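Computed from the coordinates by the stated procedures, all read-outs in this text should not be read as laboratory data. What you see is a predicted model, and the numbers here were worked out from it, not measured in a lab. FYI the Cβ positions are ideal-geometry reconstructions off the backbone, even for glycines, and counts take in every protein chain you see.
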Amino acid sequence: MISTNILNDLGQNNTVETSLDKLKTYEVSNPLVRSGRTPQCVIKPKDVPELQKVIRKAKEGKFGLVPVSSGGPHTKGGISCSANHAVVDLADWNKIPWVNRRNRVCFVEPGVTYGQLNNFLQGYGMTLPTPLAPRDTKSVLASTIDREPHIWPRMQWDFQDPVACTEFIYGTGELFRSGAAGGPGTLEEQRKSKGAQKMPMGPGQTDFQRILIGAQGSMGIMTWISLRTELLPSIERPMLVAGDRLSKIIEYVYEVQRPWLGEHTFILNRLAAAMLMTCGNPGSFDRIRNSLPEYICMQNIAGFERLPTERLEYQYEELKNMAGGNGLKLVDKVGEIEAPALLKAAQSPCGPRDWRHVVKGHCLSIFFLSLLNNSEKYIAVARESARAFNIPDEQIGIYIQPVIQNHACHIEFMVPFNPDDNHEVENLKNYEADVTERLIKARAFFSRPYGKAAEMVFKNNPGNTELIRVIKGLFDPENILSPGKFNL
Amino acid sequence: MLTVDELKELKDIVGQEWVKDDLPTRDAYSIYYNSSSLNKEDKLWTARPAAVIMPKTPKEISELTKFCNRKDFMLKPFSTGWITSSAPGSRKTILLDLKRMDKIIDIDIKNQIAVVEPYVRAIDLQSELWKHGLNVHAVSCGGNHSILASTAAAWGYGITGASMGYQARNMLGVEWVMPSGEILTLGSPGDGAEWFSTDGPGPGVRGLIRGFQGTFGGLGTFTKVGVKLYRWDSDPEYEVHGGSPKYVLNRELPNLGVFILMFPSKKQITDAGYKLGEAECNYSDFRMPAFFIALGFTDNNLELKQLWSTGVFPKLARYVLTVCVHGHSKKEYQWKVKALKQIVKESGGLILPMQQIPLAAFDIVKPFFKMFKNPLKLITRIPFIQEITDMMKTSEEMRLKLLTTAFFILVRHANNSQGGFRASSGMFTSVGAFDTWDMGFEQADYIAGVKRPAIEKGLILDDGGDLGSGGTFDFGHLGYIEGIGEYSTNDPESRKATKAIVEESLHGTIERSLGLPIAAFGGPMNQLFGPHCYNYHEMIMKIKAKLDPNSSYDSWTYSGASEKAFPDEKEGYTFF
């Protein structure tokens, strides 16, 4: 229990919630995930010094802290904590304190959402690449520091993009700034010298923020990040390629991505595409799904500020030829899906609930990294496992997202389910365990481990896991932050 | 001194012929370029290593590491060993020369990934990659550097960064013999997958081993690295004529062009740099200072002296950006060239004709240039000046000659830092914080001012002051310029002046918030900068203490002088 004295003390300058109804909204909303404990309280710190005080009080009161920036429902399990803990909710910190068009950069606080940010950036002729249709309340900071893939792979050089610099607080309560923001000088002094807090590494010989990225809140709490933004296209021609043979589409994507042609791209199977397109109108799901071939690939083409029409024209010609060379056609519409509508759905917030959940109320998502040419192998693994659990192929959604300029790819399998059907839930729990194990054996890399993968993946490379423990001891020696995460 | 028994133990690990403890060999590994910068006495010689060992496998390195955990010795690995940071920090240091680990383990053509050992040089890998339509980013010390070192262990600006990024960010997995001797592979290959990520599962623990700079051998040995590759859509090979040191391409390469862009002001060159990045025109770029341009126009130092003394270059070529445009196809190349020309025009710049200009021509125009403070500003205001300039032609050979010089710098990495040494016996560098293209020029201006008194006194070479060299990264998202100077390694006064310049610049970058300079690594530098940067140096020392409690690795270039070092080896230095 967190002592009343501490709660009263923290309540003087900060909002502290203790009502059970409120606390329940910070539980993991997913019957497939081990839920952990209900938080003892939710603290909404007023500012950075108060947040530092919260961390010091947590050390004094021997309770954990789980940082949260997105609004609920929380489904992946990132906030799950089995120890006595409080939630630190930073969703109300939602300012965009600085933007700079010349250097294509902006600062965001933890509670800034994709819709909010991209509306704001539009006024500067810029945009931030989005994950595939993020929830309305999805925090940009939470998503990007989780290495969540976005749909514009050409603009991602490295896995930590688009994060540029960060400010964070160690588990000791000490404040730190990483990358160019680390100094010397204040942010304002650096800007006076024409710095813009873009360089992500350091300070010096350590890449501090990279250790927090992917750590699911266990190594530090970020208070702001700077982000590399991109030019907003001035002219666009979203197109599609589609077909029943994934191998052809994959070959096409390789050919296009190697010379950095085209813009936004991703591959969905017909179930996933129909789920995405109907998240605001589930009634049309069957009609749309039945109109589609097995796979559909977004191929946006754009021009920017420089010779936009000519750029779009030469790229269109090249992409059309590449599609043709792979036995595909570059088209405006496939079945009931028009390319501009798909691009819009992919780039826009999908509503209060994850688009994957709309069909049946919830969805099992299993995602990992590999190489694009391994996709079909992993689809076969997922389907083979599914057959043992009487899950037909057509009930598995597939999302394939090239990342880091197509040097790797995110592969995601989605199985929609009814969370109130205990039999279905139990079956999917068993399926998740089985398929995750098979995928790991088949060399899938669970870079962002959640669910069953989080329980299994750290056994693969014990030396790496031990190193994570060592770092945890340095960054959070009292084990305050997300205690128990990754079994640390 | 290693005892007979200790030497036997080492020889049992790697084989007798690969352990060198004779004096001539150890002395050969005790002198480096700029090694006098490492001690207060201004001595050219560094500590003499206890031995030099050339291992072949990670397992051997692991055994050697375990040896140093038990004994009062340390390891210091290096790959090609050109830079002073490869030097031993102590007489108790055993150098690991990794030249026997020289295999390209794999090239995944489809996914554009190479896996290499430490002694694979950039130029060797590039030669192989071009056959497959691929390319690799090389840092600007030149094609002879180790790709593994620039990716995992060291640092470095590189001219192809415009489209291929900063090399630390191109790391796709790394194999590491840790200070304990354990062999650990980070990222996807550590989990049994292919080499495509160093991050995860969970936290990006690679952050421990590589920031802006690496650990320079102070925290173990990296034995394999996965490297992100990029496209190459031109010919797999090229043919040249001529002879050393001046080879000339027989013909232009398809879908590839190099352009020398001249601007009258800092504002105009920076504007153009950002716009070129946004349009993704620049496959590679290099802000080439006036002195280096003059160097490129001449074949020997006498010509250089004559040309530089005309005074034309400091006025004409103060703000020059050399750019390589590379198209996937002819259509794309044409679009990019058109965009580049439009950008240059609207930025008020001029594209120099790709013609080697006869040196006598500079004598002719000298009086005109003497009359005006910024003659280029006037020239660029002449109507149709670009069109007039485009009509200037001499001969095909003269065109190819200049094209070749630019090609070897911008694409082939065959004439980078070392090429800049020609005018003197030594080169130093300073500032070089990485952030924005604009900030690069602020650094260049600052260091030019710091150098000026020494130039006026004749203590360092008169390069005009502004020898700021660098370019853009990630299509203009990032920028970098370091402040180079040239000095005489044989003249103690010149060395002393150089050291004073670099020291002043270190403090100046703190006062002016100009970022963390290129030399900000190792104990004394981290102690200097850490208190101004959230005490990052304290975390470095904690990491070292936790991962290397027995000081099995010499850490002078990382956390500071090792516990095992002799007292006289724990003094400060000013690295340049």
- [ ] May I have the extent of the alpha carbons of segment A:360-457 along their three principal axes, as whole Å values ordered from largest to smallest?
- [x] 41, 27, 23
Task: q = 0.19 Å⁻¹: log10 I(q)/I(0) that the Debye formula gives for segment B:104-231, counting C-alpha atoms only - done: -1.01
TODO: Quote to one decimal, in nm, the extra length available between B:D106 and B:K266 on full extension: 0.36 nm per residue of separation minus the C-alpha distance between them.
DONE: 53.2 nm
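For A:Q395, what charge total do you get from the other residues with a beta carbon under 15 Å from its beta carbon, if Lys and Arg give +1 and Asp and Glu give -1? Provide the component values of the computation, followed by the final result.
Working: positive: A:R270, A:R289, A:R356, A:K360, A:R383, A:R387; negative: A:D286, A:E294, A:E384, A:D393, A:E394, A:E412, A:D421, A:E424, A:E432.
With Lys, Arg at +1 and Asp, Glu at -1, the neighbours total -3.
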Open item on the list: Only sites in a loop by DSSP and with at most 10 other Cβ atoms within 10 Å count here; which chymotrypsin sites (Phe, Trp or Tyr not before Pro) in segment B:260-303 make the cut?
Closed with: none
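So how many Å³ per residue does the convex hull of the Cα atoms of chain B work out to?
Working: hull volume 85.5 nm³, N = 576.
Considering the Cα atoms of chain B, their hull volume per residue is 148 Å³.
Given only helices, namely DSSP H runs of n ≥ 4 each adding -39500 (n - 2.57), what is the per-residue ellipticity at 222 nm of chain B, to the nearest 500 deg cm²/dmol? Write out the running numbers ahead of the final one.
Numbers: 19 runs with 195 residues, N = 576.
It comes out at -10000 deg cm²/dmol, rounded to the nearest 500.
Work out the FRET efficiency for B:T57 and B:E511 from their Cβ-Cβ distance, taking R0 = 51 Å, and round it to the nearest 0.05.
Values: r = 49 Å, r/R0 = 0.95.
The calculated FRET efficiency here is 0.55.
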Task: Distance between modelled label sites at B:F566 and A:T186, nm, 7 Å Cα→Cβ extension - done: 4.9
- [ ] Of the options A:V66, A:Q197, A:G111, report the single residue whose Cα projects farthest towards the positive end of the charge dipole of chain A (beta-carbon charges: Lys, Arg +1; Asp, Glu -1).
- [x] A:Q197
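Relative to the present Cα-Cα distance, how much length would full extension add between A:S291 and A:N487 at 0.36 nm per residue of separation?
Details: separation 196, 0.36 × 196 = 70.56 nm, distance 4.57 nm.
Gain on extension, A:S291 to A:N487, equals 66.0 nm.
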Open item on the list: Under a crude label model (7 Å from the Cα following the beta-carbon direction), how far is A:T38 from A:F389 in nanometres?
Closed with: 2.9
TODO: Under 22 Å Cα to Cα from B:K401, which lysines show up? Leave out anything in the same chain fewer than 8 places away.
DONE: B:K246, B:K305, B:K393
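What does the highest-first list of B:73-79, A:159-165 look like by mean Cβ count within 10 Å? Present the calculation step by step, with values, prior to reporting the outcome.
On the way: B:73-79: 27.9, A:159-165: 26.0.
My ranking of the peptides, most packed first, is B:73-79, A:159-165.
As a check on your grasp of the helix formula, calculate [θ] at 222 nm for chain A: sum -39500 (n - 2.57) over DSSP H runs of n ≥ 4, divide by the residue count, round to the nearest 500.
Estimated from H runs of four or more residues: -9500 deg cm²/dmol.
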Open item on the list: If you take every DSSP beta bridge fully contained in the protein assembly as shown, what fraction is antiparallel? Give it as a percent rounded to 5.
Closed with: 85
TODO: Give me a single rounded figure for A:305-316: the average over its residues of other chain Cβ atoms within 10 Å of their Cβ.
DONE: 4
Task: Charge dipole magnitude, Cβ of K and R +1, D and E -1 - the protein assembly as shown, Cα centre, debye nearest 20 - done: 940
Task: Length added when fully stretched, B:D491-B:D390, from 0.36 nm per residue minus Cα-Cα - done: 31.8 nm
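Let's see if you can work this out: charge +1 on each Lys and Arg Cβ, -1 on each Asp and Glu Cβ, no other charges. What is the dipole magnitude of chain A about its Cα centre, in debye to the nearest 20? Display every interim value, and only then the final one.
On the way: 56 positive and 53 negative charges, 136 e Å.
Computed charge dipole of chain A: roughly 660 debye.
Based on the mean of other Cβ atoms within 10 Å per residue, sort peptides B:215-225, B:455-465 so the most packed one is first.
Taking the mean over residues of other Cβ atoms within 10 Å, the ranking is B:215-225, B:455-465.
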Open item on the list: What do you get for chymotrypsin sites (Phe, Trp or Tyr not before Pro) in segment B:318-413 restricted to DSSP loop and a cutoff of at most 14 other Cβ within 10 Å of the site's Cβ?
Closed with: B:F372, B:F384
Task: B:K246/A:Y124 FRET efficiency (R0 41 Å; Cβ-Cβ; nearest 0.05) - done: 0.25
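Once the Cα gyration tensor of segment A:221-323 is diagonalised, what are the square roots of 5 times its eigenvalues, in whole Å and ordered largest first, as equivalent ellipsoid semi-axes?
Values: eigenvalues 138, 96, 40 Å².
Semi-axes (√(5λ), whole Å): 26, 22, 14.
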Open item on the list: Please rank B:S395, A:S193, fewest neighbouring Cβ atoms within 10 Å first, as an exposure proxy.
Closed with: B:S395, A:S193
Open item on the list: Distance cut-off 27 Å, Cα to Cα: go down the list A:K485/B:K546; A:K459/B:K103; A:K329/B:K131 and report the pairs above it.
Closed with: A:K459/B:K103; A:K329/B:K131
Task: Rounded to 5, the percent of DSSP beta bridges in segment A:4-92 classed as antiparallel - done: 25
Task: On Cα atoms only, tilt of A:462-475 relative to the major axis of chain A in degrees - done: 50
Open item on the list: Working only with C-alpha atoms, what are the Rg and Dmax values of the protein assembly as shown, expressed in angstrom?
Closed with: 29.0, 92
TODO: For a label point 7 Å from the Cα of A:A341 along Cα→C-beta, name the residues of segment A:262-280 whose backbone N is under 13 Å from it.
DONE: A:274-280
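In whole angstrom, how long is each semi-axis of the equivalent ellipsoid of segment A:4-92, when you take the square root of 5 times every eigenvalue of its Cα gyration tensor and sort them from largest down? Don't jump to the answer; show the numbers that get you there.
Values: eigenvalues 96, 35, 25 Å².
Values for segment A:4-92, descending: 22, 13, 11 Å.
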Open item on the list: Over 18 Å apart: what share of the alpha carbon pairs of segment A:158-220 falls there, rounded to a whole percent?
Closed with: 34
- [ ] Could you name the lysines whose alpha carbon sits less than 21 Å from that of B:K43, not counting residues in the same chain fewer than 8 places away?
- [x] B:K76, B:K92, B:K496, B:K499, B:K570
Task: Reciprocal mean inverse distance between Cα atoms of chain A - Kirkwood radius, Å - done: 23.4
- [ ] Output the relative contact order of segment B:252-511, whole-number percent, from Cα pairs under 8 angstrom with separation of 6+ residues.
- [x] 24
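Given a Förster radius of 51 Å and the C-beta distance between A:R245 and A:E478 as r, what FRET efficiency does 1/(1 + (r/R0)^6) yield to the nearest 0.05?
Numbers: r = 55 Å, r/R0 = 1.07.
Given R0 = 51 Å and the Cβ-Cβ separation, E is 0.40.
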Task: Relative contact order for chain B, counting Cα pairs under 8 Å that sit 6 or more residues apart, in percent - done: 16
Task: On Cα atoms only, tilt of B:4-14 relative to the major axis of chain B in degrees - done: 60
Task: Other protein chain Cβ atoms within 10 Å, averaged over every residue that makes up A:209-222 - done: 4
Open item on the list: Could you work out the pair-distance distribution P(r) of segment A:99-231 from its alpha-carbon pairs, with 5 angstrom bin width and percents rounded to whole numbers?
Closed with: 2, 11, 21, 25, 21, 13, 6, 1, 0
TODO: Report, in degrees rounded to the nearest 10, the 0 to 90 angle that the Cα long axis of helix A:422-441 makes with the longest principal axis of chain A.
DONE: 80
Task: Lys/Arg +1, Asp/Glu -1 at C-beta; chain A dipole; positive extreme among A:I480, A:C409, A:S247 - done: A:I480
- [ ] List the pair-distance distribution P(r) of segment B:252-511, using every Cα-Cα distance, as the percent of pairs falling in each 10 Å bin from 0 up to the bin containing the longest distance, rounded to whole percents.
- [x] 7, 30, 38, 21, 5, 0
Open item on the list: Using the Cα centre of segment B:252-511 as origin and beta-carbon charges of +1 (Lys, Arg) and -1 (Asp, Glu), tell me which of B:L410, B:F291, B:L261 is placed farthest towards the positive end of the dipole.
Closed with: B:L261
Open item on the list: Using a Debye calculation, one point per C-alpha and no hydration shell, please list log10 I(q)/I(0) for segment B:333-374 at q = 0.26 Å⁻¹ in order.
Closed with: -0.92
TODO: Give, rounded to the nearest 20 debye, the magnitude of the charge dipole that segment B:354-491 has about its Cα centre when Lys and Arg contribute +1 at Cβ and Asp and Glu contribute -1 at Cβ.
DONE: 480
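State the volume of the convex hull built on the alpha-carbon positions of segment B:31-121, expressed per residue in Å³ and rounded to an integer.
In segment B:31-121, the Cα convex hull volume per residue is 109 Å³.
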